[in-house]
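Q: Handing you a structure now.
The values are calculated or read from the model by the stated rules, or taken from the named source; none is laboratory data. This is a predicted model, so every value here is computed, not measured. Glycine also receives a Cβ, built like all others from the backbone with ideal geometry; neighbour counts cover every protein chain displayed.
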């Protein structure tokens, strides 16, 4: 290269001055072209209709009439340039008896002149059986090779147990991810095992349609895809109609089908769209993951991962949109399942929106999700023909469930555990917002720090089914018979009519929750989950509270919601309002106070007693010597109040003769 540059410079200097500018530009362009081409790289040409092919095929007039001849004449780094035609003759055996129409065993580039519309490499499918010893794969590519601008069609493989190269990758078989396939169309190929269109390799800007595999990946298997389209591929008896494992970036998967994972099985999908894919198992209603599915086996659990994806109008027996997936920032809409989980079944969803999904069929459960863990998600307009219109079982943190419906029970949610969720406008026959009624004797649900408002039920339990739902520190009506810390005030949403379920500045839900039930560091808006020391009730945290005390508690006693209220002592019992709130005592009654009573000897023991309230638990500490450091040591914790006596007692064994003893008691959260 340096020698060539010197020759060009000397030639340029000998030209007349008037010609220098134009020649200089030409030389610069020529030098840039040389710099982009590896040293000593050659170009070999292929023209199906050339009448005088002659090695080494270095001009169009001497071009090879088949691609393999040009490859055989090339070295690593060379380019094979192919003009229009259907290349469907010849073959080369690699890996046992598997015949390939084109074999690239060198790190070179094979590219077409005018693209895949007019440049085709065709394999061979055995009439009547498709696969067999006579089948011909389209292309075999070694590490470092590249294929650009072709249609690969009609490829097939031999028959045999999976795990062998000869029965995978009917369109193209790639040695590894270092193989690059760009601007290609892979259509109508069929593999006995995996990768009907492609096996391994990196595919850029490719289209894969109508390919099939018996077991793994009708479109592709173990590949990396960038900006590709996978449509109408199938793995009817296996996994991943469009793709099996691998990584897909900015891809569209539509109308693919498989036993499990209609669009994709396993792997990672980033910024992809999955539309109209389906999973249909051999047994009725048994297919899993219409859009995508992960592996949830007895000893092996590998979720499919979807980031910033759109999953819409897919269908399956279980998990119409996704089965056993980890979804982040995804939109899941209009999917359906015949058994459970219209939008998703199993797995985890983070910052996702689930709209208008359905579980349709006799005893179908979980219109939005079934058996999932959801963090910071919204579920709107989902429906189930039996239980759990929005969600069936699972765990939901910082979620909203609105306008979901179930034919029988749990319009918003059936069973499960909900923390800091908001349920509004849901409906069912029993438990419009939440229920556990139905199934085999019922599965109670647990709701902590939740708002249940304006839900409806045909029979009973508009907001919640009282027998099958256990609420703590929640805002709803009527007041639950069980649980603690619940309030019946209207939640004061910012704009309920328009669907804005954030809290107004005077909402009783501010600071009214229980911190240990607040899961995760952010609310549904992504803001800090606990502001002001105590978590708010519902899915949204109010960003600037004026008091650290529960607003519902302040409103109960007619106290103003201003910062100075926290330190005020209106009843003069030397406990300020914040301390009275923590203790559960009345700030307007000096006789209502957390205080220790005189210990009572009982043989060698001391019985320690203090005034208490049923909604609190207590920790007791003691010390025989206040000069010690620390002066107090824990004696007992999680001590409940006696709901009838208004006091709590603790027997300090063998303490009577060791006095004097000093005690202090505190409220636990």
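Q: Does any residue of segment 58-68 turn out to be surrounded by 18 or more Cβ atoms within 10 Å (Cβ to Cβ), touching a residue at least 24 places away in the same chain (Cβ under 8 Å) and more than 20 Å from residue 183 (Cβ to Cβ)?
A: yes
Q: From (1) surrounded by fewer than 24 Cβ atoms within 10 Å (Cβ to Cβ); (2) within 24 Å of the chain's Cα centre (by Cα); (3) under 27 Å from residue 143 (Cα atoms), pick out the condition that doesn't hold for residue 210.
A: If we test residue 210 against (1) surrounded by fewer than 24 Cβ atoms within 10 Å (Cβ to Cβ); (2) within 24 Å of the chain's Cα centre (by Cα); (3) under 27 Å from residue 143 (Cα atoms), just (2) comes out false.
Q: Going through 455, 515, 500 one at a time, which residue ends up being surrounded by 15 or more Cβ atoms within 10 Å (Cβ to Cβ) and either closer than 21 Å to residue 552 by Cβ or in contact with a strand residue (DSSP E or B) (Cβ under 7 Å, 6 or more places away or on another chain) (or both)?
A: Only one candidate passes the filter, namely 455.
Q: Further question: Select from segment 458-477 the residues that are without any contact (Cβ under 8 Å) to a residue 40 or more places away in the chain and surrounded by fewer than 21 Cβ atoms within 10 Å (Cβ to Cβ) and list them in ascending order.
A: Listed by number, the residues that qualify are 458, 459, 460, 466, 467, 470, 477.
Q: Would you mind stating whether residue 190 is surrounded by fewer than 20 Cβ atoms within 10 Å (Cβ to Cβ), at pLDDT 95 or above, in the same structural domain as residue 105 (by TED's automatic domain parsing) and within 16 Å of residue 139 (Cα to Cα)?
A: Against the criterion (surrounded by fewer than 20 Cβ atoms within 10 Å (Cβ to Cβ), at pLDDT 95 or above, in the same structural domain as residue 105 (by TED's automatic domain parsing) and within 16 Å of residue 139 (Cα to Cα)), residue 190 does not qualify.
Q: Among the candidates 70, 107, which residue alone is in the same structural domain as residue 183 (by TED's automatic domain parsing), over 15 Å from residue 189 (Cα atoms) and part of a loop (DSSP other than H, G, I, E, B)?
A: 107
Q: Now, a different point. Give segment 551-583 a look and list any residue that's touching a residue at least 60 places away in the same chain (Cβ under 8 Å) and either touching a helix residue (DSSP H, G or I) at 6+ places or on another chain (Cβ under 9 Å) or over 23 Å from residue 617 (Cβ atoms) (or both), or say none.
A: Listed by number, the list holds a single entry, 555.
Q: Among the residues of segment 94-103, is there at least one that is over 17 Å from residue 189 (Cβ atoms), modelled with pLDDT of 95 or more and crowded, with 18+ Cβ neighbours inside 10 Å?
A: No: zero hits.
Q: A further question on this structure: Could you tell me how many of the residues in segment 396-420 are without any contact (Cβ under 8 Å) to a residue 60 or more places away in the chain and either assigned to a strand (DSSP E or B) or surrounded by fewer than 24 Cβ atoms within 10 Å (Cβ to Cβ) (or both)?
A: 11
Q: Say we look at segment 355-375 and pick out the residues that are in contact (Cβ under 8 Å) with a residue 40 or more places away in the chain and surrounded by fewer than 24 Cβ atoms within 10 Å (Cβ to Cβ); which of these is farthest from residue 291 (Cα to Cα)?
A: The residue in question is 375.
Q: Could you run through segment 641-668 and say how many residues are in a loop (DSSP other than H, G, I, E, B), touching a strand residue (DSSP E or B) at 6+ places or on another chain (Cβ under 6 Å) and under 14 Å from residue 605 (Cβ atoms)?
A: The qualifying residues number 3.
Q: How many residues does segment 162-178 hold that are surrounded by fewer than 16 Cβ atoms within 10 Å (Cβ to Cβ) and more than 33 Å from the chain's Cα centre (by Cα)?
A: 0
Q: Within segment 155-173, which residues are assigned to a loop (DSSP other than H, G, I, E, B) and either without any contact (Cβ under 8 Å) to a residue 40 or more places away in the chain or more than 21 Å from residue 110 (Cα to Cα) (or both)?
A: Result: 157, 158, 159, 160, 161, 162, 163, 164, 168.
Q: Which one of the conditions (1) under 25 Å from residue 365 (Cβ atoms); (2) modelled with pLDDT under 95; (3) in a strand (DSSP E or B) does residue 237 fail to meet, given that it meets all the rest?
A: (1)
Q: Quick test for you: out of 491, 480, pick the one residue that is under 14 Å from residue 538 (Cβ atoms), assigned to a loop (DSSP other than H, G, I, E, B) and touching a residue at least 12 places away in the same chain (Cβ under 8 Å).
A: Only one candidate passes the filter, namely 491.
Q: Enumerate the pairs (first residue in segment 641-656 and in contact (Cβ under 8 Å) with a residue 40 or more places away in the chain; second residue anywhere and crowded, with 18+ Cβ neighbours inside 10 Å and part of a loop (DSSP other than H, G, I, E, B)) with beta-carbon separation below 6 Å, excluding pairs fewer than 6 apart on the same chain, so at least 6 apart or on different chains.
A: From residues that are in contact (Cβ under 8 Å) with a residue 40 or more places away in the chain, the pairs are 647/612.
Q: Is at least one residue of segment 574-596 over 25 Å from residue 549 (Cα atoms), in contact with a strand residue (DSSP E or B) (Cβ under 6 Å, 6 or more places away or on another chain) and at pLDDT 90 or above?
A: no
Q: Any residue that is modelled with pLDDT under 95 and on the phi > 0 side of the Ramachandran plot - is there at least one of those in segment 500-512?
A: no
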